[in-house]
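Below: the structure, in structure tokens.
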Amino acid sequence: KVPAAGERLARQIVTFVQELRRQELYKVPGVAETIDWAAALTALDQTDLEAQTVDDTLGVILKYQDDVHKVQGAVARELVAKSGA
């Protein structure tokens with residue numbers, strides 16, 4: 001759905017979101033949020049997931065501010081590492 005994302009970034013995004021869905025969140029991201037996030041990262045000229053960019057853009061995939069605060073920082077870094085970035 002976001003061909004400009006490139007294969008590597010798309011794979012990292014999918015892995016990140018799959019891991020994110022395993023977290024205890026009020027509302028886990030769905031397909032639409034994932035596609036929106038891929039488009040946003042592409043618009044920011046990202047070719048790899050980076051912890052800082054993830055922290056800055058979590059509001060695109062997480063609907064609740066409490067979830068954003070829960071994931072930002074250490075959790076985001078861990079998930080970025082698991083995504084192969």
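Provide the solvent-accessible area of Y64, counting protein heavy atoms only and rolling a 1.4 Å probe, rounded to the nearest 10 Å².
100 Å²
For the chain, find the longest principal axis of its Cα atoms and tell me its angle to the long axis of helix 7-20, 0 to 90°, nearest 10.
Helix 7-20 sits at roughly 10 degrees to that axis.
Send over a whole-number figure in Å² for the accessible area per residue of the range 30-84, probe 1.4 Å.
Ligands and nucleic acids excluded, the figure is 52 Å² per residue.
Please give the net charge around Q12, taking every other residue with its beta carbon less than 12 angstrom from that of Q12, where Lys and Arg add +1 and Asp and Glu add -1.
Local net charge: -1.
Given the Cα-Cα distance of A32 and D45 and 0.36 nm per residue of separation, how much length would full extension add, in nm?
On the way: separation 13, 0.36 × 13 = 4.68 nm, distance 2.02 nm.
Gain in length upon complete extension: 2.7 nm.
State the percentage of accessible surface on the chain attributable to carbon and sulfur atoms; use a 1.4 Å probe and exclude ligands, DNA and RNA. Could you put the intermediate results ahead of the total?
Working: 2460 of 4960 Å².
Here it works out to 50 percent.
Label points 7 Å out from Cα along the Cβ direction at D66 and V14: separation in nm?
Calculated label separation equals 3.2 nm.
Give me the angle, in degrees from 0 to 90, between the Cα long axis of helix 31-43 and the longest principal axis of the Cα atoms of the chain, rounded to the nearest 10.
Between the helix axis and the principal axis of the chain, the angle is about 60 degrees.
For Rg and Dmax of the Cα atoms in Å, the listed values are (i) 14.9, 52; (ii) 11.4, 31; (iii) 14.8, 38; which was obtained by calculation from the structure presented?
(ii)
D66 accessible area, nearest 10 Å², 1.4 Å probe?
Roll a 1.4 Å probe over it and D66 shows about 120 Å².
The values are calculated or read from the model by the stated rules, or taken from the named source; none is laboratory data. Given the structure is predicted, the values throughout are model-derived calculations rather than measurements. Cβ atoms come from the backbone with ideal geometry, glycine included; neighbour counts cover every protein chain shown. Side chains included, ligands, DNA and RNA excluded: accessible areas come from the protein's heavy atoms. Shrake-Rupley method; radii C 1.70, N 1.55, O 1.52, S 1.80 Å.
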